[in-house]
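I have placed the structure first, in the form of structure tokens, so that the comments after it can refer back to it.
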Amino acid sequence: MKHTLQVLKDSEKSSIKVESGSNLLEILQLEEYKIPAPCGGAGSCGKCKIKILDSSIETVASEKELLTDKEINAGVRLACCHNINQDLKIRIPNFSDIEVLTDGMDLDIDYDPKLYLKNIEIKKASLNDQRDILKKIKDKYSEIKEIEADLIKKLPLLEKEKANFIINIDKIIDIKKTEDKKLYGIAVDIGTTTVAFYLLDMLEEKELAVYSTANPQQKYGADVVTRINYTIETKAGEKKMQQEIIKALNQGIDNLLKKSGVEREDIYQLTVAGNTVMMHFLLGVSAESIAKAPYVPVFREEVEMKAQELGIKLNKNALITLLPSIASYVGADIVADLLVTAENKTQSYLLIDIGTNGEIILKNGNKLYACSAAAGPAFEGAKITHGKAGVAGAVSVYSADGYQTIANQKANGICGSGLLDIIAYLLENKYIDKNGAFKIERLSDEQQKKMIDYKGKKAFLVVPAEETANGEEIVLTQKDIREFQLAKGAVAAGINLLLEKAEIKAEELNKIYLAGGFGSYIDSKSTLKVGLIPEVKSENIIKIGNGAGLGAKIYLLDKKKKLQSEKIVENVKYIELSKSKEFQNYFMESMIFD
């Protein structure tokens, strides 16, 4: 039996025939509506809100917990909680796109790419020299060893005129006319939440265009473990994950072409950084082993193949190169970060990339230590009552002087940097004690005004209803503080454990590098106040921006980075936190606000 689902979004309307019993969220995702679902449709995050029109659907238990009475009375429901058993008309709110960080710190790059252009000329054949054309090329240009088979038919061109050869180290991958002097490459950072693209002119040594977008795999869960579980539980789940990211890559490439005017056929290489799970998903490889003890990935080394083998639309002989990874939860994105900080050859430093996981690297002299702390999606806003990713309207800055939102739009939630600021404010003004509990009975009359009833419990008022986009107050609950403590505790404990393993004290650290979107937008003072990172001078906290994207660019432009990356992977001592008793002790200690 089929039912009709009418979907209204902005001024657009569509009508879909669906099988009875189909899950509403799954249908909307299939129809490519952008519906946030950090929990992967488990009914625990409360983010996949839609509005029911022209009919009534009873709420389920999780909706009563996650939605306000006002929302429920207005027909708001969670799409993942309902199967379609009748004709239905719904409205989808306008979910904002994520603000993606693409900038990185300034860095001098040693330009030495493995792809280069060479203008070649050979002498015409004669009775005195009957060598074939390819033999003449190899004899004259000793660096050339191979040629793509489909290019052999172009070699007669050299009997008549010069030609430009595109060469990958020692292999000819394209032949062009002399006047056609173009060679471009793309670096990509595939994050769990976002994807960033950089188009580079390999001859002029300059960046031509940048593009960023949300990772479309988010519809299957905010974190990698939820997505891995989806691939295990869903038929052809791995194929879906691969198709989602390849589609995003091709759309990103299209946007770069439009921005720059570059021709697709002139792009010959694409380098990719990303966490280990993203690398597996891109190749369509099962990541199940990453989610289960002993947490061993299928591969970690660099992978290189033709882009067309993955359906990535570039020159037919273009190469796609995946940077190597360190471990299941310390991926190629962290290797890329380390390429950015590699100039720091003798000092001791921490490199922290905080997202749904907290990847931590400690360098002490020539030794590198690494771990991954399961911070959970709190810093991405997933398990916070009014949490948001870094979208327009999300509260990103908070202090006694007020708040700021991304893009200065009306407030619609709280992103990671805003959450950190609010917690720091609550600590500084003694709204909460060292255990994170609200101290309601000890608050002044003025402070009491900021504590309101929310779903039968006291919560801190972040933004009053009259200032929000939907006319409902934005609050921080006791549960939200606990979620933050779990995330903060995991990262801080991971740092402390690495310090112990490296036999170095926090005060001996020369620098702390913060990488990624969350690390680049957070306030250093708030970070120190809540105890997320060790106490160091604020000037020694360096924000490197999108280090993974910058590292992918470096890898594209300097062939020596391949060997350097291999040495990094070989030399890092990875600490598995799940089997560490010391980590559990540090974790319990780090939950407390000192």
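The values are calculated or read from the model by the stated rules, or taken from the named source; none is laboratory data. These numbers come from a predicted model, not from an experiment. Positions of Cβ are backbone-derived with ideal geometry, glycine not excepted, and every protein chain shown enters the neighbour counts. Please note that ligands, DNA and RNA were not included when accessible areas were found on the heavy atoms of the full protein model with its side chains. Shrake-Rupley method; radii C 1.70, N 1.55, O 1.52, S 1.80 Å.
Residues that are at positive phi and part of a helix (DSSP H, G or I) were ranked within the range 404-436; the one that is least open to solvent (accessible area, probe 1.4 Å) is A407.
Scan the range 115-128 for residues that are over 23 Å from L203 (Cα atoms) and either of a type outside the set (D, E, K, R) or surrounded by 11 or more Cβ atoms within 10 Å (Cβ to Cβ) (or both) and the total you get is 6.
Per the conditions (1) closer than 30 Å to A187 by Cα; (2) modelled with pLDDT of 85 or more, the sole criterion not satisfied by G104 is (2). Of the residues that sit in the range 384-393 and are under 18 Å from the mean Cα position of the chain (by Cα) and surrounded by 24 or more Cβ atoms within 10 Å (Cβ to Cβ), which one is modelled with the highest pLDDT? This residue is G387. Test each condition in (1) small (G, A, S); (2) modelled with pLDDT under 85; (3) crowded, with 16+ Cβ neighbours inside 10 Å; (4) over 24 Å from K13 (Cα atoms) for S62 and report the one that comes out false. Every condition holds for S62 apart from (2). Of the numbered criteria (1) in a helix (DSSP H, G or I); (2) farther than 30 Å from A389 by Cβ; (3) touching a residue at least 40 places away in the same chain (Cβ under 8 Å); (4) of a type in the set (D, E, K, R), the one K181 fails is (1).
The criterion of at least 1 residues that are out of contact with any Lys or Arg (no Cβ under 6 Å at 6 or more places or on another chain) and without any contact (Cβ under 8 Å) to a residue 60 or more places away in the chain is met by the following strands (runs of 3 or more DSSP E) wholly inside the range 269-376: 303-306, 319-322, 358-364. On the stretch given as the range 329-347, residues that are modelled with pLDDT of 90 or more, farther than 30 Å from G41 by Cβ and open to solvent by 10 Å² or more (accessible area, probe 1.4 Å) total 0. Which of the residues belonging to the range 13-40 are open to solvent by less than 50 Å² (accessible area, probe 1.4 Å), closer than 13 Å to C81 by Cα and free of Cβ contacts under 8 Å to residues at least 60 places away in the same chain? Result: L25, I27. With respect to (1) charged (D, E, K, R); (2) open to solvent by 80 Å² or more (accessible area, probe 1.4 Å); (3) farther than 25 Å from V391 by Cβ, the lone exception for K439 is condition (2). The number of residues in the range 227-237 that are surrounded by fewer than 21 Cβ atoms within 10 Å (Cβ to Cβ) and at negative phi comes to 7. Annotation note: of N510, N546, the sole residue that is touching a strand residue (DSSP E or B) at 6+ places or on another chain (Cβ under 7 Å), more than 24 Å from A291 (Cα to Cα) and open to solvent by 20 Å² or more (accessible area, probe 1.4 Å) is N510. In the range 168-209, of all residues being surrounded by fewer than 21 Cβ atoms within 10 Å (Cβ to Cβ) and β-branched (V, I, T), the one that is nearest to the chain's Cα centre (by Cα) corresponds to I169. Taking the condition surrounded by fewer than 20 Cβ atoms within 10 Å (Cβ to Cβ), of a type in the set (D, E), modelled with pLDDT of 95 or more and in contact with a Pro (Cβ under 6 Å, 6 or more places away or on another chain), does E302 pass? So E302 passes the test. Would you say L532 is surrounded by fewer than 20 Cβ atoms within 10 Å (Cβ to Cβ), modelled with pLDDT of 90 or more and either of a type in the set (S, T, Y) or within 24 Å of the chain's Cα centre (by Cα) (or both)? Against the criterion (surrounded by fewer than 20 Cβ atoms within 10 Å (Cβ to Cβ), modelled with pLDDT of 90 or more and either of a type in the set (S, T, Y) or within 24 Å of the chain's Cα centre (by Cα) (or both)), L532 does not qualify. The set of residues from the range 453-484 being assigned to a strand (DSSP E or B), surrounded by 18 or more Cβ atoms within 10 Å (Cβ to Cβ) and in contact with a helix residue (DSSP H, G or I) (Cβ under 7 Å, 6 or more places away or on another chain) comprises F460, V462, L476. Checking A248, A222 one by one, the residue that is out of contact with any Leu (no Cβ under 9 Å at 6 or more places or on another chain), more than 20 Å from I109 (Cβ to Cβ), outside any helix (DSSP H, G or I) and open to solvent by less than 30 Å² (accessible area, probe 1.4 Å) is A222 and no other. Applying the criterion of being open to solvent by less than 20 Å² (accessible area, probe 1.4 Å) and not hydroxyl-bearing (S, T, Y) to the residues of the range 519-529, the residue that is farthest from the chain's Cα centre (by Cα) is I522.
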